[in-house]
Amino acid sequence: MYIAQGKLGKLGMWKYIPIPLLFMLLMGLQYLAVKFMNLDVAAEIERQINSKGKNQFFAENLIFFVFFLGGLFFWVRYVHQQSILSLTTSRKKIDWGRFFFVFILMASFIIISTLIAYFISPNDFQINFQPIPFLILLGIAVLLIPIQTSFEEYLFRGYMMQGLGLVAKNKWIPLLITSVLFGIMHAANPEVDTLGPIVMVYYIGTGLFLGILTLMDEGLELSLGFHAANNLVTVLLVTANWTALQTDSIFIDVSDPSSGYDVLIPVLIIFPIFLFILSKKYQWTNWKEKLFGKVELLTEKEEIINT
């Protein structure tokens, strides 16, 4: 039902093309610029940070998402004439309990796992806590990180999932395509050069996991909460000098980055555990139909109720 809600607006399938095309074009141009101009992304990030400071550089990189999310909402609301609620969930109202449950669950996991890693291998971490820079970071992150993660969720798991589902008339094609595109979006990140191509499996796997959450739960609340917690808590707690988001976090990971199969641990172990916990809490059933079934268009009565 969630995918079918994309039909609630003034459809015209051409309307689904400009926003994803424009965003992916921007990402593609960024990637080509890095490759063909032989840019050292890590060195450029370091230069920018040395010039502006971590907090200013961090804020400048995130402020664009305010315009991205606002532009997406404007397009959905006034071009598609679709409600933001129907882009968000199949429920009568947004279930914030779902959002905050998975947010707390993911935040707790990151904090506990990071502290365990610190106590096991303290030499791999540098304590970086400075009250004033951290408080500034906290304000920037709390304000802008949810906007950044929400844009990505609304674009990939919301807008593109609904649009592709209406075209393909099934659920597995939009799940697969949005997951791959979500991974490709991160191709220009410095982590790819540092850890190697295997990290793309993590990015695509994360997209697949978030897509499964959306389809099984018939809404974006869980993927919004998970993604927000992952990015927000991470940038506040621990960063490294080879990542895209370098901040005045509490810890800096100074261990030697590797391209080993440890980057697959979230995809192979952590994400399945989260799926198990959430499936039990929200009593998910009929997995085959929800992930691979056909998209059943809403009846006229359902369209009126959800308008």
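The values are calculated or read from the model by the stated rules, or taken from the named source; none is laboratory data. Since the model is a prediction, treat every value here as computed from it, not as a measurement. So basically every Cβ, Gly included, is an ideal-geometry build from the backbone, and we count neighbours across all protein chains shown. Only protein heavy atoms, including side chains, enter the accessible area calculation; ligands, DNA and RNA are left aside. Shrake-Rupley method; radii C 1.70, N 1.55, O 1.52, S 1.80 Å.
Things to note:
- Among GLY6, THR234, THR206 the positive-end extreme of the charge dipole of the chain (Cβ point charges): GLY6
- This model, with +1 at the C-beta of Lys and Arg and -1 at the C-beta of Asp and Glu, gives the stretch 152-223 a dipole about its Cα centre of some 320 debye.
- All other residues whose Cβ lies under 13 angstrom from that of ILE94 are scored, Lys and Arg at +1 and Asp and Glu at -1, for a net of -1.
- log₁₀ of I(q)/I(0) at q = 0.20, 0.28 Å⁻¹ - the stretch 204-262, Debye sum with one point per alpha carbon: -0.86, -1.06
- The long axis of helix 54-74 is offset from the longest Cα principal axis of the chain by roughly 10 degrees.
- Computed [θ] at 222 nm, deg cm²/dmol, the chain (DSSP H ≥ 4; -39,500 (n - 2.57); rounded to nearest 500): -20000 deg cm²/dmol
- Prolate/oblate/rounded call for the stretch 117-169, Cα gyration tensor, a/c under 1.5 rounded: oblate
- For the chain, the longest principal axis of the alpha carbon atoms and the long axis of helix 172-185 meet at an angle near 30°.
- For the chain, a simple Cβ point-charge model (Lys and Arg +1, Asp and Glu -1, everything else neutral) yields a dipole of about 1160 debye relative to the Cα centre.
- Stretching the chain fully between LEU138 and LYS169 yields a gain of 6.9 nm (0.36 nm per residue, less the alpha carbon separation).
- Rounded to 10°, Cα long-axis angle of helix 271-281 versus longest principal axis of the chain: 50
- Relative contact order computed over the chain (Cα-Cα under 8 Å; 6+ residues apart), in percent: 30
- Overall form of the stretch 1-146 per C-alpha gyration tensor (a/c, 1.5; a/b vs b/c): oblate
- Treating each Cα of the chain as an identical point scatterer and summing with the Debye formula, the log10 of I(q)/I(0) at q = 0.07, 0.09, 0.13, 0.14 Å⁻¹ comes to -0.28, -0.47, -0.98, -1.13.
- Cα gyration tensor shape for the stretch 91-144, rounded if a/c is under 1.5, else prolate or oblate: oblate
- Largest accessible area first, the listed residues PHE68, PHE226, PHE99 line up as PHE68, PHE99, PHE226 when surface is computed with a 1.4 Å probe on the assembled protein chains.
- Only Lys, Arg (+1) and Asp, Glu (-1) charged, at Cβ; the stretch 40-184 dipole about Cα centre in debye: 760
- For the chain, accessible area per residue (1.4 Å probe, heavy atoms of protein chains only), Å²: 50
- Between the alpha-carbon centres of the stretch 60-118 and the stretch 119-185 there is a gap of 9 Å.
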